[in-house]
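The values are calculated or read from the model by the stated rules, or taken from the named source; none is laboratory data. Because the structure is predicted, anything quoted here is derived from the model rather than measured. Here Cβ is always computed from backbone atoms with ideal geometry, including for glycine, and neighbour counts include all displayed protein chains. Quick note on the areas: whole protein, heavy atoms, side chains included, nothing else; ligands and nucleic acids left out. Shrake-Rupley method; radii C 1.70, N 1.55, O 1.52, S 1.80 Å.
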Amino acid sequence: MELPGRRSTPNRESRVARVAVDVVIKPEILDPQGKAILAALGRGGHSGVLAVRQGKHFDLEVDESVSDEDLEEIAGTLLANPVIETWTVTRLDEVSASPAAALPGAAAGEDAAVLR
Amino acid sequence: MELPGRRSTPNRESRVARVAVDVVIKPEILDPQGKAILAALGRGGHSGVLAVRQGKHFDLEVDESVSDEDLEEIAGTLLANPVIETWTVTRLDEVSASPAAALPGAAAGEDAAVLR
Amino acid sequence: MTGSTGTVPGTGTAPVQDTVAQAARTPDARQPFRELGLKDDEYERIREILGRRPSDAELAMYSVMWSEHCSYKSSKVHLRYFGETTTEAMRSVMLAGIGENAGVVDIGDGWAVTFKVESHNHPSYVEPYQGAATGVGGIVRDILAMGARPVAVMDQLRFGPADAPDSQRVVPGVVAGVGGYGNSLGLPNIGGEVVFDPSYAGNPLVNAACIGVLRAADMYTAHASGAGNKVILYGSRTGLDGIGGVSVLASESFASGSGGDRKKLPSVQVGDPFAEKVLIECTLEIFRAGIVVGIQDLGGAGLSCATSELAAAGDGGMAVDLDRVPLRASGMTAAEILSSESQERMCAVVEPDKVDAFLAVCAKWEVEADVIGEVTDTGRLVITHHGEVVVDVPPRTVAHWGPVYERPVERPDFQDALRDNGSGSLARPAAGELPALILRMAASPNLCSRAWITDQYDRYVRGNTVLAQPADAGIVRVSDDVPGGPGDPDRPLSRRGLAMSTDCNSRYTLLDPYTGAQLALAEAYRNVATTGAVPLAVTDCLNFGSPEDPGVMWQFQQAVRGLADGCVELGIPVTGGNVSFYNQTGATAILPTPVVGVLGVIDDVTRRTVPGIGHDTGESLLLLGT
Amino acid sequence: MDGDPAGRGVRVAGGGAARCRGRRGRGGAPVTATAPASGGPRIGVITFPGTLDDVDAARAVRYAGAEPVSLWHADADLRGVDAVVVPGGFSYGDYLRAGAIAAQAPVMRSVIDAARGGLPVLGICNGFQVLCEAGLLPGALVRNSGLKFVCRDQWLRVENTSSPWTTRYEPGAEILVPLKNAEGRYVADRSVLDELEGEGRVLFRYIGGGTADGPVPDTGNPNGALRDIAGICSADGRVAALMPHPEHAIDPLTGPTDDGLGIFLSVLDGLGVAA
Ligand SMILES: Nc1ncnc2c1ncn2[C@@H]1O[C@H](COP(=O)(O)OP(=O)(O)O)[C@@H](O)[C@H]1O
């Protein structure tokens, strides 16, 4: 069974790296979601939270052919919209190529099969 | 002037902490956005990217009244839906209460204030 | 009210701000008026009006208000033709016409309708989703400002070739933006257009229309009268987004630059449809409570426009204290606060004893509201910031004294060749080729199903949509949203409905702008009439290239005349519209695209004609006309 | 299977709740609202900031013969209503997650309590999302698999006709109602899905998009919902929710059919017995 969201089972020999890309709306641009969440936290009694900005978080798995420059390009052209967003790229721990290990708690189940 | 998107200008004496909360959809649940991005990366020649999952990233500023348990509760009851998502809470550097310092790269006061 | 509330922070690091006093002291200080889009003679004119150089804040105000987008400086002399040709009979249905936020038409039974089309072309090229979304947001606020409940939207789209690489970015983004915003407002999308043509490749057109319904007696106009009345800004906070959008983006070029030395800011506005939905309900509740004198939406040119237009339409002056404007960013200059195009804001004039009631309604909807000034009897618009006067101008000079240009008009040389290049020389398909030809045509981007687009738009919400896609005109039942709520037994459902269609074939318009505009009018008129509705009034959105090109001005002049003459012929008035110039890539203009919208009324929506042929066997097929 | 079968006490309003497929959605006079007798059933309709289809839900309640009572998100008082509808829209802009912020509103705390005490509650679209986020129904609704907002006429099969909200339908009835959402894909753990199926708590399943003439082939599930689930209910059946909009199918003038009216008539039948 092919796992969803994966190009193919990577070569067992190759190293697969996990990369996190965080994309946030530029500070001068309105973040209506952050605003709504802050208000909800206030109503819920969490007045110690002073500010909230919401952005996107991407978990990537890349093989060793992907350089840092590639990652910057991917982030800046596809994952983020440079007109309104900024981003950070973080390489996490290198992980083994076993698909099961790459995703935390990825238990095969009915859903995995439906994910087409 | 009251700062927008901020409950109030924090007391200059108090410490403000930055917290990142990353929320991702559980692996067994379809992530159509991640799938679409992976396909677009393939078309764009980035075949070294093997998997993509999209989630949410929250930047919070909290005062010292907010404990780690509070953060867990905020993440688990509001920011994430435990039925479909998992989350991680990361306390970043403690920052001073000066709004300007609260956001990375917030060079001018203008940017930091726009947390709405 | 005097500007005594704020003082310059004594940090010593705060930038010295240009004030009116400073402007008087330093008459020769150089100002970046050209970067703000003002011509030398326009700048001179401002100095003449003020008897001194303008302060930075004044310069910002004049430059946005005198931009093509806000002042109609190139189109004004031609648009007058609409007024000149409107007869008394045509005028009789109009409660408000050109010049108001939107035209208002009497539809009988005490109901009135306001409707308008507007463009958001350039922003939608830069950032398709947000550009299109805020385009919808802007036109909806225009309608709301008339005191009407917005009841439906439509969108008119023009893109480059469907298979062009940039179309993959622009088309889905624009459609998602139109849907994302309109759907979240709960406004049914009842129709529109999509056309693909190479001339739009670097300059897509995103026009959006909105229809609103009000009781004729409840019409509001934007004016600030009555010295002592309070000026209230409510809605979202004012931030740095969209600064320079009007003077730079919506006029001369895509190049950005706000003129000051503030670092470059993106000239995009980000919409918050949720904030707008709440703003709509809050504003309608304010209208219902009768606690407002006049109201104005904040669109292009933000507070510059709202304050100067409100004051100019009133009977005195206005004093505004910018320290009371709730901001999203610290350290904003007066010029920035005045030019910000932050979305989802409105400005109201309220009698002092109604202010508390006004603020209470805002609090109920969790809408931020602040008194930022008051109406005065000075005849001047005086704006203070940090305790100093930064603007002191006669409001009409900002709002209405913009330059008026008689741009050169010249029929292009290519026009004859174009006209003579008829279809006569084209090969005719043999009879046997027709089936394949029809299939090819049906599959072409300009003729194929629009379901990919219309499936992303909510056409059902509010429950009054009687016709929408694939009909040629949309129909909404006049709202039953009246006291007592939907289906109130004391208020039986109205059977009255509104029909609207917008059309434009820009290839026809290129061949002959005069006739092209008339064909657009005729098509929209027919589309409304064939639903069973009676056409009543017209709005338009005139999308053209650079007015500095005499050939484009000729197209524009011809299209206006054609449309106006056609309206006389049909006996229905143009009640308002919008002009969008500078739609070109380099020296190449888009096809002249005068989008025409016709509004009609149907007395009994149950009698509307449903589109399509052959619902029942045995029906006859008749061909009418020539 | 055209026509209303006799003998089940069908109350006809505006052509009656469709138990069947095949009514063509054109023509027909608008149903005149029947004024409910005072003291008759009252059904609450909640408005959150950003709620859109509250006017439609109120209209549907009125069409069915009950009195709609508007309930405000910030007000915990349910005003003594006999049932509650949580309508569609984008409460709080759908920011964060659809329904997440609304689920914490004061009115929802009262709804949760009342539902535990047996008050019938119907969630429509955003209301379904709110009920899941509030823990009244299992599972969650996530982004449509096609990533786009989908507005279309949707055929559904009524899978359970014994819940208080579905008694007016014949077993296996197929109905056509509008669907419009961006986050309508129902997901839940397999064990939850099995439980729902086992207990007959799947109320509606997607069949396909189409017209009053019938579903168009290959258009089945509009959003990737697991097991084609369009609507579910609580163990006692009294809390029910669906993504499609029955309140937009109460009159062929403004919707594809009047098939949706049956939901509102069903709950009134139950209340009538109780009253
Ligand atoms: N951008 C759009 N937004 C909303 N509805 C649209 C849009 N484009 C087309 N439509 C609708 O789709 C249907 C078919 O459009 P079109 O093919 O342009 O019709 P026609 O060729 O008959 O003018 C019409 O009901 C029209 O209103």
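Taking region C:400-450 as the region of interest, how many residues are aliphatic (A, V, I, L, M), open to solvent by 100 Å² or more (accessible area, probe 1.4 Å) and part of a helix (DSSP H, G or I)?
Residues of region C:400-450 aliphatic (A, V, I, L, M): C:404, C:409, C:417-418, C:426-427, C:430-431, C:434, C:436-439, C:441-443, C:447.
The next check asks that each one be open to solvent by 100 Å² or more (accessible area, probe 1.4 Å); those that pass are C:426, C:438-439, C:447.
Applying the additional criterion that residues be part of a helix (DSSP H, G or I) yields C:438-439.
The total comes to 2.
Of the residues in region C:182-195, how many are touching a Gly at 6+ places or on another chain (Cβ under 7 Å), within 15 Å of the ligand (Cβ to nearest atom) and either open to solvent by less than 10 Å² (accessible area, probe 1.4 Å) or of a type outside the set (Gly, Ala, Ser) (or both)?
Residues of region C:182-195 touching a Gly at 6+ places or on another chain (Cβ under 7 Å): C:184, C:186, C:189-191.
Next cut, within 15 Å of the ligand (Cβ to nearest atom) only: C:189-191.
Then keep just the ones that are either open to solvent by less than 10 Å² (accessible area, probe 1.4 Å) or of a type outside the set (Gly, Ala, Ser) (or both); that gives C:189-190.
Number satisfying all stated conditions: 2.
Can you tell me which residue among C:Gly402, C:Gly373 is within 33 Å of the chain's Cα centre (by Cα) and either modelled with pLDDT of 95 or more or within 16 Å of the ligand (Cβ to nearest atom) (or both)? Can you show your working first?
Values: C:Gly402 fails: either modelled with pLDDT of 95 or more or within 16 Å of the ligand (Cβ to nearest atom) (or both).
After applying the criteria, what remains is C:Gly373.
Determine whether region C:541-551 contains at least one residue that is buried (at least 22 other Cβ atoms within 10 Å of the Cβ) and within 16 Å of the ligand (Cβ to nearest atom).
Yes: region C:541-551 contains one or more residues that are buried (at least 22 other Cβ atoms within 10 Å of the Cβ) and within 16 Å of the ligand (Cβ to nearest atom).
Please work out if C:Val104 is part of a strand (DSSP E or B) and within 23 Å of C:Gln269 (Cβ to Cβ).
Working: part of a strand (DSSP E or B): yes; within 23 Å of C:Gln269 (Cβ to Cβ): no.
Considered against the rule, which asks whether it is part of a strand (DSSP E or B) and within 23 Å of C:Gln269 (Cβ to Cβ), C:Val104 comes out as no.
Could you pull out the residue among D:Ile263, D:Ile232 that is in contact with a Lys or Arg (Cβ under 7 Å, 6 or more places away or on another chain) and surrounded by 24 or more Cβ atoms within 10 Å (Cβ to Cβ)?
Numbers: D:Ile263 fails: in contact with a Lys or Arg (Cβ under 7 Å, 6 or more places away or on another chain).
Every option except D:Ile232 fails the conditions.
Pairs please, first residue from region D:216-237 and free of Cβ contacts under 8 Å to residues at least 40 places away in the same chain and within 14 Å of chain A (Cβ to nearest Cβ), second anywhere and open to solvent by 50 Å² or more (accessible area, probe 1.4 Å) and assigned to a strand (DSSP E or B), Cβ atoms under 9 Å, 6+ apart in sequence or on different chains.
D:Asp228/D:Arg157
Among the residues of region C:422-447, what is the count of those that are away from the ligand (no atom under 16 Å from the Cβ) and touching a helix residue (DSSP H, G or I) at 6+ places or on another chain (Cβ under 7 Å)?
Of the residues in region C:422-447, 1 are away from the ligand (no atom under 16 Å from the Cβ) and touching a helix residue (DSSP H, G or I) at 6+ places or on another chain (Cβ under 7 Å).
Checking the condition over 15 Å from D:Met243 (Cα atoms), assigned to a strand (DSSP E or B) and either open to solvent by less than 10 Å² (accessible area, probe 1.4 Å) or in contact (Cβ under 8 Å) with a residue 12 or more places away in the chain (or both), which residue from D:Leu71, D:Leu156, D:Leu122 passes?
Numbers: D:Leu156 fails: over 15 Å from D:Met243 (Cα atoms); D:Leu122 fails: over 15 Å from D:Met243 (Cα atoms).
Result of the check over D:Leu71, D:Leu156, D:Leu122: D:Leu71.
Restricting to region C:587-605, name every residue that is open to solvent by 30 Å² or more (accessible area, probe 1.4 Å) and in contact (Cβ under 8 Å) with a residue 60 or more places away in the chain. Before the answer, list the steps.
From region C:587-605, those open to solvent by 30 Å² or more (accessible area, probe 1.4 Å) are C:587-588, C:603-604; that's our starting set.
Those that are open to solvent by 30 Å² or more (accessible area, probe 1.4 Å) and in contact (Cβ under 8 Å) with a residue 60 or more places away in the chain: C:Thr588, C:Asp603, C:Asp604.
Can you run down the residue pairs with Cβ atoms below 7 Å, 6 or more apart or on separate chains, where the first is in region C:433-453 and within 24 Å of C:Asn189 (Cα to Cα) and the partner is in a helix (DSSP H, G or I) and within 16 Å of the ligand (Cβ to nearest atom)?
C:Leu447/C:Met441; C:Cys448/C:Ala442; C:Ile453/C:Val175
Could you list, in sequence order, the residues of region B:59-94 that are more than 25 Å from D:Ala98 (Cβ to Cβ) and more than 10 Å from every other protein chain (Cβ to nearest Cβ)?
Residues satisfying the conditions are B:Asp68, B:Glu69, B:Thr90, B:Arg91, B:Leu92, B:Asp93, B:Glu94.
Go through (1) under 15 Å from C:Tyr514 (Cβ atoms); (2) open to solvent by 20 Å² or more (accessible area, probe 1.4 Å); (3) over 23 Å from the mean Cα position of the chain (by Cα) one by one and return the number of the condition C:Gly571 breaks.
(1)
Within region D:179-205, how many residues are away from chain A (no Cβ under 14 Å) and in contact with a Gly (Cβ under 6 Å, 6 or more places away or on another chain)?
Total meeting the criteria: 2.
Tell me, which residue of region C:526-540 that is out of contact with any Leu (no Cβ under 9 Å at 6 or more places or on another chain) and polar (S, T, N, Q) is nearest to the ligand (Cβ to nearest atom)?
So the first thing to find is which residues in region C:526-540 are out of contact with any Leu (no Cβ under 9 Å at 6 or more places or on another chain), and the list is C:526-527, C:529-530, C:532, C:534.
Subsequent filtering for residues that are polar (S, T, N, Q) retains C:527, C:530.
Details: C:Asn527: 7, C:Thr530: 11 Å.
Top of the filtered list is C:Asn527.
Right, C:Gly110: surrounded by fewer than 24 Cβ atoms within 10 Å (Cβ to Cβ), away from the ligand (no atom under 15 Å from the Cβ) and farther than 30 Å from C:Val349 by Cβ or not?
Values: surrounded by fewer than 24 Cβ atoms within 10 Å (Cβ to Cβ): yes; away from the ligand (no atom under 15 Å from the Cβ): yes; farther than 30 Å from C:Val349 by Cβ: no.
No.
Inspect region A:23-44 for any residue being in contact with a Pro (Cβ under 9 Å, 6 or more places away or on another chain), in a strand (DSSP E or B) and either over 22 Å from C:Arg169 (Cβ atoms) or more than 7 Å from every other protein chain (Cβ to nearest Cβ) (or both) and give the result as yes or no.
Checked region A:23-44: no residue is in contact with a Pro (Cβ under 9 Å, 6 or more places away or on another chain), in a strand (DSSP E or B) and either over 22 Å from C:Arg169 (Cβ atoms) or more than 7 Å from every other protein chain (Cβ to nearest Cβ) (or both).
What is the one condition in (1) open to solvent by 10 Å² or more (accessible area, probe 1.4 Å); (2) more than 23 Å from C:Ala102 (Cα to Cα); (3) within 15 Å of the ligand (Cβ to nearest atom); (4) not in a loop (DSSP other than H, G, I, E, B) that C:Ala162 does not satisfy?
Result: C:Ala162 fails condition (4) only.
Residues of region C:372-399 being in contact with a strand residue (DSSP E or B) (Cβ under 7 Å, 6 or more places away or on another chain), part of a helix (DSSP H, G or I) and surrounded by fewer than 22 Cβ atoms within 10 Å (Cβ to Cβ), which ones?
Once the filter is applied, which keeps residues that are in contact with a strand residue (DSSP E or B) (Cβ under 7 Å, 6 or more places away or on another chain), part of a helix (DSSP H, G or I) and surrounded by fewer than 22 Cβ atoms within 10 Å (Cβ to Cβ), region C:372-399 yields nothing.
Could you figure out which of (1) within 16 Å of the ligand (Cβ to nearest atom); (2) under 30 Å from C:Ala301 (Cα atoms) isn't true of C:Arg450?
Every listed condition holds for C:Arg450 apart from (2).
When residues of region C:329-357 are filtered for being without any contact (Cβ under 8 Å) to a residue 60 or more places away in the chain and buried (at least 24 other Cβ atoms within 10 Å of the Cβ), how many remain?
0
Identify all residues within region C:341-371 that are farther than 25 Å from A:Pro32 by Cβ and either assigned to a loop (DSSP other than H, G, I, E, B) or within 14 Å of chain D (Cβ to nearest Cβ) (or both); write none if there are none.
Hit for region C:341-371 is C:Glu351, nothing else.
Considering only region C:165-178, how many residues are open to solvent by 20 Å² or more (accessible area, probe 1.4 Å) and of a type in the set (Val, Ile, Thr)? Before the answer, list the steps.
Going through region C:165-178, the residues open to solvent by 20 Å² or more (accessible area, probe 1.4 Å) turn out to be C:165-166, C:168-169, C:172, C:176.
This time we only want the ones that are of a type in the set (Val, Ile, Thr), so: none.
Residues flagged as open to solvent by 20 Å² or more (accessible area, probe 1.4 Å) and of a type in the set (Val, Ile, Thr) within region C:165-178 amount to 0.
Go through the residues of region C:459-469 one by one and say whether even a single one is over 30 Å from C:Gly186 (Cβ atoms), in contact with a helix residue (DSSP H, G or I) (Cβ under 9 Å, 6 or more places away or on another chain) and either open to solvent by 70 Å² or more (accessible area, probe 1.4 Å) or within 16 Å of the ligand (Cβ to nearest atom) (or both). Steps first, please.
Taking region C:459-469 and keeping what is over 30 Å from C:Gly186 (Cβ atoms), we get none.
No, that holds for no residue.
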